[in-house]
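The values are calculated or read from the model by the stated rules, or taken from the named source; none is laboratory data. Being a predicted model, the structure only gives us computed values, none of them experimental. Cβ atoms come from the backbone with ideal geometry, glycine included; neighbour counts cover every protein chain shown.
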Amino acid sequence: MLVEDMAAGRADLKGGLPRLGLGLGLRSVHFGHILTEWPEVGWFEAISENFMDSGGRPRQVIRQVAERYPVVLHGVSLSIGSTAPLDFGYLGKLKALAAEVRPAWVSDHLCWTGVQGLNTHDLLPLPLNGESLAHVSARVRQVQDFLGRPLILENPSTYVSFAQSTIPEPEFLRRLSADTGCGLLLDVNNVFVTCYNSGADPVAYLQSFPCECVVQMHLAGHQNCGTHIIDTHDQPVLPNVWELFRLAWKLTGGSATLLEWDGNIPAFDVCLAEVHKAEKFMEGAFDPARVRSEPGVETESVSNPVDFLVADAMQGTMMETHSA
């Protein structure tokens, strides 16, 4: 069934976008399994940059997958918050890929990833104020006009706050969506990570989020480093995040939900079983105490490169952030 047909049958989200159910990230280690087994999964999310520049097997794989499943394109290099001009070479490649696979939507992050032609390969936060809102809104309109489709933006994981920020992130995203018509990707794990690092209440954050604008949600694992949490996507979703998802599911009315697993990726069936855990959190009473408690059982070793975080300096930064 084509994505357009599915959208016509289930057009009940912002902008008439479909509710896709539970999905998984399309990762190269699973290509063989997917193309031979054609597993029962609702949809796939592909990292745009992994397929935009490829004319070989990855491009062939995503075309084959898109013939059988709904596909979403999720970018990490749009740099919508940068002060550098938009990269229309990048956008041209993204538009060509979207024309081939006909994604249900195209998403990226509320962040900047580079300036003056240099890519940091990281999702860097920006100060949230009126000037930033006007700047990002204008760029979102340009991107949407160029692509000919709505852009969906995700709340990033953050580790520090800006003294120049005057608008809470949920309110910033609400205004951005109202100004541009863009939809939102609510990353539940990012909410937990950001709030832990800043000392904020993730339940209050989520309750203030513009859930009526949410098209999609993300779930992922993280690493607790004691004074801070790193968003690593390299292990199962932790209990606190699952409980927060229970609330998010109700507030969004059941938006499309995807599991991200990008490091130490297990077999496909393990990932599929992990995302299906969401089903038991779609019903039942929400317990905020389970979210606000300390994170659940963590692995003994940190598998993501976090040595760049000097403990004493990071602790000082967190203290400054809490007092901001």
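Okay, here's what the table says:
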| item | result |
| --- | --- |
| Residues of region 148-174 that turn out to be crowded, with 16+ Cβ neighbours inside 10 Å, more than 19 Å from the chain's Cα centre (by Cα) and aliphatic (A, V, I, L, M), as a count | 1 |
| Residue match in region 82-105 (condition: closer than 24 Å to D187 by Cα and in contact with a His (Cβ under 7 Å, 6 or more places away or on another chain)) | no |
| Matching residues in region 38-70 - criterion: being without any contact (Cβ under 8 Å) to a residue 12 or more places away in the chain and under 17 Å from A273 (Cα atoms) | E40 |
| Filter result for V136 (in a loop (DSSP other than H, G, I, E, B) and among the β-branched types (V, I, T)) | no |
| Unique residue being in contact with a Pro (Cβ under 6 Å, 6 or more places away or on another chain) and closer than 16 Å to G181 by Cα when the list is H135, H109 | H109 |
| Filtered residue count, region 24-48, keeping only those that are of a type outside the set (S, T, N, Q) and either at pLDDT below 95 or over 23 Å from K95 (Cβ atoms) (or both) | 15 |
| Matching entry among P58, P85, P39 (being over 18 Å from V140 (Cβ atoms) and either in a loop (DSSP other than H, G, I, E, B) or among the aliphatic types (A, V, I, L, M) (or both)) | P39 |
| Residue selected from region 220-241 under the condition at pLDDT 90 or above and surrounded by fewer than 20 Cβ atoms within 10 Å (Cβ to Cβ), by the criterion farthest from the chain's Cα centre (by Cα) | P239 |
| Qualifying residue in region 73-88 (condition: of a type in the set (G, A, S), more than 19 Å from L176 (Cβ to Cβ), within 20 Å of the chain's Cα centre (by Cα) and at pLDDT below 95) | yes |
| Selection status of L73, in a strand (DSSP E or B), aliphatic (A, V, I, L, M) and either in contact (Cβ under 8 Å) with a residue 12 or more places away in the chain or surrounded by fewer than 19 Cβ atoms within 10 Å (Cβ to Cβ) (or both) | yes |
| Criterion violated by F51 - all others in (1) more than 21 Å from M217 (Cα to Cα); (2) modelled with pLDDT under 95; (3) in contact with a Lys or Arg (Cβ under 7 Å, 6 or more places away or on another chain) satisfied | (2) |
| Residues being closer than 19 Å to G75 by Cα and under 15 Å from the mean Cα position of the chain (by Cα) - total across region 16-42 | 4 |
| Of all residues making up region 93-134, the number that are touching a strand residue (DSSP E or B) at 6+ places or on another chain (Cβ under 8 Å), modelled with pLDDT under 95 and more than 25 Å from T232 (Cβ to Cβ) | 0 |
| Filter result (β-branched (V, I, T), touching a strand residue (DSSP E or B) at 6+ places or on another chain (Cβ under 6 Å) and part of a strand (DSSP E or B)) within region 222-240 | I230 |
| Unmet criterion (only one of (1) surrounded by fewer than 21 Cβ atoms within 10 Å (Cβ to Cβ); (2) in contact (Cβ under 8 Å) with a residue 40 or more places away in the chain; (3) closer than 22 Å to L73 by Cα) for E274 | (2) |
| Set V143, V106, V193: member being in contact with a Leu (Cβ under 6 Å, 6 or more places away or on another chain) and closer than 20 Å to D262 by Cβ | V106 |
| Scope region 242-270; condition at pLDDT 95 or above, of a type in the set (D, E, K, R) and not in a helix (DSSP H, G or I); matching residues | E260 |
| Where D145 falls short, out of the listed (1) free of Cβ contacts under 8 Å to residues at least 12 places away in the same chain; (2) of a type in the set (D, E, K, R); (3) buried (at least 22 other Cβ atoms within 10 Å of the Cβ) | (3) |
| For A200: the one exception among (1) out of contact with any helix residue (DSSP H, G or I) (no Cβ under 6 Å at 6 or more places or on another chain); (2) in a helix (DSSP H, G or I); (3) without any contact (Cβ under 8 Å) to a residue 24 or more places away in the chain | (2) |
